[in-house]
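Below is one structure, written out as structure tokens; comments come after it.
The values are calculated or read from the model by the stated rules, or taken from the named source; none is laboratory data. Note that the structure is a prediction, hence the values are computed from the model and not measured. Methodologically, a virtual Cβ is constructed for each residue, glycine included, from the backbone with ideal geometry; neighbour enumeration extends over all protein chains shown. All accessible areas refer to the heavy atoms of the entire protein, side chains included, with ligands and DNA or RNA removed. Shrake-Rupley method; radii C 1.70, N 1.55, O 1.52, S 1.80 Å.
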Amino acid sequence: MRAFAFCALCAAVFFQSCSSREGMSVSSPDGSIVLSFSTDSAGSPLWQASVDGKPFIEPSSLGFDIDVFPGGSSEPSSHDLVSGMEVSSVKKGGEDYVWEQPWGENKTIRCHYNEMAVALSSDCGAFMTVRFRVFDDGIGFRYEVACPGADSLRVTEERTGFAFAKDGDSWSIPADFNTYELDYRTMPLEKVPDANTPMTFRTSEGIYGSIHEAALKDYPEMTLKADEASGSQAAAAFTTSLAPWPDGVKARFAGDSFVTPWRTVQIGRKAVDLINSSLILNLNDPCELEDTEWIKPMKYVGIWWGMHTGVQTWKMDERHGATTANAKKYIDFAADNNIEGVVFEGWNEGWESWGGMQSFDFTRPYADFDIDEVMAYAKERGVSVIGHHETGANIPNYERQLENAYRWSAEKGMHYVKTGYAGGVPGGHFRHGQYAVRHYRKVVETAARYEISLDVHEPIKETGIRRTYPNMMTLEGAKGMEWNAWSAGNPPVHYVTLPFTRLLSGPMDYTPGVFDVLLESTKDHPDRRKWNDLDKGDSRVNTTLAAQIACWVVLYSPLQMASDMIENYEGHPAFQFFRDFDADCDWSEALAGEPGEFVVVVRRAGEKYFLGAVTGDNARTVEVPLDFLAEGKSYKAVIYADGPDADWKTNPCSYVISERIVTSSDTLSVAMASGGGQAVTFIPEDQDNLG
Ligand code: NOJ
Ligand code: CA
């Protein structure tokens, strides 16, 4: 498939100019969201928005503080683009088209928006266009700044405001320029001191929204901080706080212009509308790759959980996980269980220095891992190998090897690489600053040249880059499964918060599916050694077994891992779900849910459907109409449910598998235990009979 295969629905693109002070508003195609622009008496640009005729965002600031380096001078002059601005033109337009992606929650996406580009000139000689796009599912706007004649520019502060008309509840992690692996908080908007994005909220009028950004490239990440100074009208107000360079500068650009990522607000009347929104992808640039045939979603297993639970090691010693023999065992298991891929961590030299100098070598396998033998065996058994590059966040060391490492991997036949950045970035850089954003992009582009797809751990946040580079397949970027191996772990509420926060930005490599929920097979194992300070010896997965299965559906990732050690799957009846599961879905819909409470998601892959439902601490039954199934067809529904006596705390592994024949006119009662879940495979009866 060619990634540029856009099929036009009614490919309307229109633009028209307005005189400067008239018509400074633009509404969504359905008219429900209205965004207005104005300048106040000081020439400060402001944006505001209403939803369903009611104030949603009160007048909020726009602009920057910048340093301009004029041609031939090393001394900058400092200016602000937040006052003294005058509107020079307002252009309106829009687009309506359908595009296709090689993989995704939905393969076909409609992009339909109205646009207003407000061009402003500053009394310091700079020009700033604010380009607003309003969709039925939210708002995006970005800045395009030009300072003619400048040699280079620096952003010292971005001053985008988000002033809420109404208070409400919110779900977010704290702002942190180095990590997203933090616990989620539920708090009133007005109490949030700072937050990373996506920050999701429900206003007191029942409107759901989420603030994030799209197309983050060559710019630092945006976080939010409470803005006490903002107008008294607002119920809660935030301003942007960008991850800085070590010298405090927020962004630096060669030349006389720059364009920012999109600042986004997804908007819905139901919480699940946020999950079903394509706003972030629609604000990214179309695919840059000519050919995307080589980019394939897949299920995978790997040599991984043994290291996290402490019974194996990454480094080469008597407990080494990634040996040739173990690798072959995993390849066999994958081949025998309809699983397309395998990851091997700890295959390469350098793990002795993890936590210290962090100098890994990405083309030197350990002596007990025969890469050629492993690759030949994987090929023979039809399994793809995911290479692993733990960089320890030593970006200079990784960039020195980048080209060679990706060429070498491709030559060996490895067309997937999982990267990791566990550690501090040398030189005082933040992991989320512009320096690191440039690095993460360089890796994606280098990998694309060698036809290698990526799974990035400790990444820069997802902002929809996968539309432009579909080889950027999945990322971690929140507390994942590993935390359950060596810390107090992720509470049940985490699983029903992620879909409404982190997952709104794109796929997540959470790596669900641990069946040995209580870690019984490793806890007292003679080989087990504590390796992480947070390990108190009582770690476990804080859900039921059925919830872990449901997470394969709920927590979308085009590379979906069954993360337990294969011994815990062998002979387990419930593993049939993963055998049947297809990571390459065509269509998805979040059917019901509330942040922090529960969620129900269905995905279609070919003619099969997979349903996943997860609840937080409260046991509940959700009635799910099956009207998403093809009309007039009968399906065999295989139901993986919590047992009647299941409870994540006291009896997590009680499960029941049942079967029934259903059609689109049936309703399924999805009963879930506390911290539980349910997963269902729907196989068309005619296909099932064919075996
Ligand atoms: C952190 C990653 O999230 C995890 O998956 C990996 O095993 C370790 N780093 C070691 O690379
Ligand atoms: Ca991690």
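What order, most packed first, do the peptides 474-480, 450-456, 327-333 have when packing is the mean number of other Cβ atoms within 10 Å of each residue?
Averaged packing, sorted descending, gives the order 474-480, 450-456, 327-333.
Taking θ as phi - 60°, what are the ³J(HN,Hα) couplings along region 621-634 by the Karplus curve (6.51, -1.76, 1.60), each to the nearest whole Hz, with x for Gly and Pro?
10, 10, 7, 10, x, 8, 5, 7, 5, 4, 5, x, 10, 9
Which far-off residues, 5 or more places away or on another chain, put their amide H under 5 Å from the one on Phe360, with H placed in the peptide plane?
none
Step through the residues of region 404-417 one at a time and calculate ³J(HN,Hα) from phi using the Karplus curve (6.51 cos²θ - 1.76 cosθ + 1.60, θ = phi - 60°), rounding each to whole Hz and writing x for Gly and Pro.
Calculated HN-Hα couplings, in order: 4, 5, 6, 5, 4, 4, 4, 4, 6, x, 8, 10, 9, 9 Hz.
Can you find, among Phe69, Gly104, Gly53, the residue farthest towards the positive end of the dipole of region 22-113? Put +1 on the C-beta of Lys and Arg, -1 on that of Asp and Glu.
Gly104
For Met472, what residues show an amide H to amide H distance below 5 Å, using hydrogens built from the backbone and excluding near sequence neighbours?
Leu454
Mind checking the per residue accessible area of the chain for me, 1.4 Å probe, whole number of Å²?
That works out to 35 Å² for each residue.
How would you rank 302-309, 417-424, highest first, on the average number of other Cβ atoms within 10 Å across their residues?
The densest-packed peptide leads the list: 302-309, 417-424.
Taking Cα atoms, how many degrees apart are the long axis of helix 371-380 and the longest axis of the chain, rounded to 10 and kept between 0 and 90?
80 degrees
Report, in deg cm²/dmol and to the nearest 500, the calculated mean residue ellipticity at 222 nm for the chain, where each DSSP H run with n ≥ 4 adds -39500 (n - 2.57) and the sum is divided by the residue count.
That calculation yields -4000 deg cm²/dmol at 222 nm.
In nm, what is the difference between 0.36 nm times the number of residues separating Asp169 and Ser38 and their Cα-Cα distance?
Net length gain for the segment: 44.3 nm.
For Gln233 and Ser664 in one chain, what is 0.36 nm times their gap in residues minus the Cα-Cα distance, to one decimal in nm?
150.3 nm
Output wanted: per-residue J couplings in Hz (rounded whole) for region 159-168, from phi through Karplus 6.51 cos²θ - 1.76 cosθ + 1.60, θ = phi - 60°, x for Gly and Pro.
10, 6, x, 9, 9, 7, 6, 10, 6, x
For region 377-477, which whole-number percentage of the solvent-accessible area (1.4 Å probe, protein heavy atoms only) is attributable to carbon and sulfur atoms?
The value for region 377-477 is 47 percent carbon and sulfur by accessible area.
How much FRET efficiency would the formula 1/(1 + (r/R0)^6) give for Asn651 and Arg110, where r is the Cβ-Cβ distance and R0 is 51 Å, rounded to 0.05?
The calculated FRET efficiency here is 0.65.
Near the amide H of Leu668, under 5 Å away, which other amide H atoms are found, from residues 5 or more places off or on another chain, if H is placed in the peptide plane?
Excluding prolines and chain starts, which carry no amide H, the hits are Val624, Leu626.
For the ranges 189-202, 207-220, what's the packing order if you count other beta-carbon atoms within 10 Å of each residue, average per peptide, and put the highest first?
Ranked by mean Cβ neighbours within 10 Å, highest first: 207-220, 189-202.
Taking the alpha-carbon centroid of each part, what is the distance from region 442-477 to region 144-210 in angstrom?
If you average the Cα positions of each part, the centres end up 24 Å apart.
May I ask for the net charge around Thr468, where only other residues with Cβ less than 11 Å from the Cβ of Thr468 are counted and Lys, Arg are +1 while Asp, Glu are -1?
Once all neighbours under 11 Å are counted, the net charge is +1.
Could you give the angle, 0 to 90 degrees to the nearest 10, between helix 324-336's Cα long axis and the longest principal axis of the Cα atoms of the chain?
90 degrees
What is the helix-to-structure angle for 545-554, meaning the angle in degrees between its Cα long axis and the longest Cα principal axis of the chain, kept from 0 to 90 and rounded to the nearest 10?
40 degrees
Separation between the Arg620 and Trp531 pseudo-spin-labels, each 7 Å from Cα along Cα→Cβ, expressed in nm?
For the pair Arg620/Trp531, the computed spacing is 3.8 nm.
Under 26 Å from the Cα of Lys91, which lysines turn up, not counting those fewer than eight places away in the same chain?
Here the lysines satisfying the reach criterion relative to Lys91 are Lys54, Lys217.
Work out how much length Phe628 to Arg438 would gain on full extension: take 0.36 nm times their residue separation and subtract the Cα-Cα distance, in nm to one decimal.
64.2 nm
Roughly to the nearest percent, how much of the accessible area of region 61-219 is carbon and sulfur, given a 1.4 Å probe?
Carbon and sulfur together cover 45 percent of it.
Taking the Cβ of Val51 as the center, what net charge do the other residues with Cβ under 13 Å away carry, scoring Lys and Arg +1 and Asp and Glu -1?
For residues surrounding Val51, the net value is -3.
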